[in-house]
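Take a look at the structure below.
The values are calculated or read from the model by the stated rules, or taken from the named source; none is laboratory data. None of the values given here were measured: they were computed from a predicted structure. Every residue, glycine among them, receives a Cβ derived from its backbone with ideal geometry; neighbour counts consider all protein chains shown. Note: accessible area is taken over every heavy atom of the protein model, side chains too, but ligands, DNA and RNA are not part of it. Shrake-Rupley method; radii C 1.70, N 1.55, O 1.52, S 1.80 Å.
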Amino acid sequence: MKINGLNIAVVGAGTAGPAAAVLLARAGHRVRLFERAPLNLPVGAGFLLQPTGMRVLQTMGLLDGLLPDTAVIRRLHCLDRGGRALLDLNYGEVDAAMFGAGTHRATLLAVLLRAAGEAGVEVLWDHAMTGLRRGGDGRASLIDARGREHGPFDLVLICDGAQSALRAQAGIACRVDRYPWGALWFIGRRTAAFAGDTLWQRVGSTRELAGFLPTGREALSFFWSMRLDEVPAWRAGNLDTWKSQVMRHAPQAEEFLGQITEHGQMAVAAYHDVRMKQWHGERVAVLGDAGHALSPQLGQGVNLALMDAAALARALAEAETLEGGLAAYSRARRRHLGYYQFATRWLTPFFQSDATGLGVLRDGLFPWAGKVPWVRRQMILTMAGLKTGFVGEAPANVQHPTSNA
Ligand SMILES: Cc1cc2nc3c(=O)[nH]c(=O)nc-3n(C[C@H](O)[C@H](O)[C@H](O)COP(=O)(O)OP(=O)(O)OC[C@H]3O[C@@H](n4cnc5c(N)ncnc54)[C@H](O)[C@@H]3O)c2cc1C
């Protein structure tokens, strides 16, 4: 007999939470989604949706509604301090129909929440969950920040992000490290100097990295790498001096940077590295950044979160027991997550660290590696999220509705 009619709590309405909530409610389970934020949807950070994440949304029937509000990205173009191409990768080299989509957190969330409403998910905003308490039968209740108890639930999905409050209470071994480096980010109006189909990066040493990602119809998301302990000094410093530093690496950003007139317009992002050997425990599963946060060097977090949701829904639909379904979920995600965690940890110090010698090595090695056809293909597949492990790859299978390719 298949599992049906579970009473499920999902904690966190970022990406993993609402995607899992939609899929499980559609499968006939009763789903409540708890989010600590009050209901409002700021534009949120810009990110690059990869073919893997798009394929999940397509299977859910949500991609066509999202794509018109995204920027179609075909190329990653990264220049070193001498203006040489460090990376110049085109999705189309692997598959002519393949592309990325630059969008905003709130745009994706709005699409997921609409589907959640239609699927009958009950969404509870302003509910910060702080505790997970088990009853004698193993079922878990949730305690919110005001001390109210919710549940018990047959299954709790922990989707509350990299700094999860619940992960440590789930009884699953986990290691969490915070990177000393993070980023300042800002979303502004796209200027003519930035092609609408290119994720553009400029690196100096390993201490300087600028990223410009077209997002939405007319926006540009700008990232500037910074050590987190240097942010207070940056806030106290002169904005024009900092802009000059950015423009030494990215001269064409002058007009765009004109939109930044005070420090407060730049948000700060911290990165975490979360390691777990499995992503399930007794009547709990961990999805998204809560289970495997990465530095955003490979831009995969949202896509991995969507894939987690799809894998969990599939595992539960195919299992005879809840325990079997949760174990199948961990198994299904192990190789893909293992590859991206390894690749991200390996790559991050070359782009964001105090080891400036690695920058010299990077500037010599990467352009050469990109000329070797097999390595180049692996780079593009890695960027697209399509590596299924160290050797495997998945087909992209996503085509833009307006594409003739
Ligand atoms: C600078 C930067 C750039 C990035 N660029 C990309 C990119 O280009 N492509 C990409 O795919 N990924 C990118 N990422 C990563 C991506 O943002 C995350 O991996 C993704 O958001 C993870 O989704 P999630 O649902 O697991 O967690 P989150 O999106 O963090 O959502 C967690 C949710 O849980 C809520 N919550 C937290 N605690 C509680 C609680 N106690 N109770 C209730 N609710 C709670 C939070 O308010 C939030 O809504 C980037 C990240 C950063 C920092």
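Using the Karplus relation 6.51 cos²θ - 1.76 cosθ + 1.60 with θ = phi - 60°, the per-residue 3J(HN,Hα) values for the stretch 314-328 come to 5, 4, 5, 5, 8, 8, 8, 10, 4, 4, x, x, 5, 5, 5 Hz, with x marking Gly and Pro.
Per residue, the accessible area of the chain comes to 42 Å², computed with a 1.4 Å probe over protein heavy atoms only.
Within straight-line reach of Lys277, meaning a Cα separation under 29 Å, sit the following lysines at least 8 residues removed in sequence or on another chain: Lys2, Lys387.
Since only Ala128, Val372, Pro232 are under comparison, the one whose Cα sits farthest along the positive direction of the charge dipole of the chain, derived from C-beta charges on Lys, Arg, Asp and Glu, is Val372. The charge dipole of the chain, taken about its Cα centre with unit charges on the Cβ of Lys, Arg, Asp and Glu (plus for the first two, minus for the last two), comes to roughly 620 debye. With all pairs of separate Cα atoms included, the stretch 261-375 yields a Kirkwood hydrodynamic radius of 16.5 Å. Here is the size of the chain from its Cα atoms: Rg then Dmax, 21.2, 66 Å. Here the Gaussian network model covers the chain, with springs between Cα atoms less than 10 Å apart; of Gly53, Gly138, Gly281, Gly138 fluctuates the most. Pairs of Cα atoms under 8 Å, at least six residues apart: use those to get the relative contact order of the chain, whole percent. Reported relative contact order: 23 percent. Placing +1 on each Lys and Arg Cβ and -1 on each Asp and Glu Cβ, with no other charges, gives the stretch 107-221 a dipole about its Cα centre of roughly 360 debye.
Among residues other than Arg376 whose Cβ falls under 13 Å from its Cβ, what is the net charge (Lys/Arg +1, Asp/Glu -1)? Here the count lands on 0. Only aspartates and glutamates eight or more places from Lys371 in sequence, or on another chain, were considered; those with a Cα closer than 17 Å are Asp80, Asp88, Glu93, Asp363. If you sort Leu24, Leu113 by accessible surface, 1.4 Å probe, largest first, the order is Leu113, Leu24. For the stretch 218-312, applying the loop criterion from DSSP together with a ceiling of 13 other beta carbons within 10 Å to the GluC sites (Glu not before Pro) yields Glu218, Glu262. Nearest 10 degrees is fine. How inclined is helix 16-26 to the longest principal axis of the chain, computing both from alpha carbons? Around 40 degrees separate the two axes.
Normalised radius of gyration (Cα atoms, divided by 2.2 N^0.38 Å) for the stretch 16-149: 1.38. The Cβ shell under 14 Å around Arg207 holds other residues with a net charge of -1, Lys and Arg each +1, Asp and Glu each -1. Using a Gaussian network model of the chain in which every pair of alpha carbons under 10 angstrom is joined by a spring, one finds that among Gly291, Gly325, Gly83 the greatest mean-square fluctuation is at Gly83. Counting only protein heavy atoms and a probe of 1.4 Å, the accessible surface of the chain is 53% carbon and sulfur.
Over every pair of different alpha-carbon atoms in the stretch 118-260, take the mean of 1/r and invert it; report that Kirkwood radius in Å.
Numbers: mean 1/r = 0.0522 Å⁻¹.
After inverting the mean inverse Cα-Cα distance, the result is 19.1 Å.
What number, rounded to the nearest 500 deg cm²/dmol, is the helix-based mean residue ellipticity at 222 nm of the chain, given -39500 (n - 2.57) per DSSP H run of at least four residues and division by all its residues? Result for the chain: -10500 deg cm²/dmol, rounded to the nearest 500. Against the chain, whose longest principal axis comes from its Cα atoms, helix 356-369 is set at around 90 degrees.
Rounded to the nearest 10 degrees, the inclination of helix 239-249 to the longest alpha-carbon principal axis of the chain is 80 degrees.
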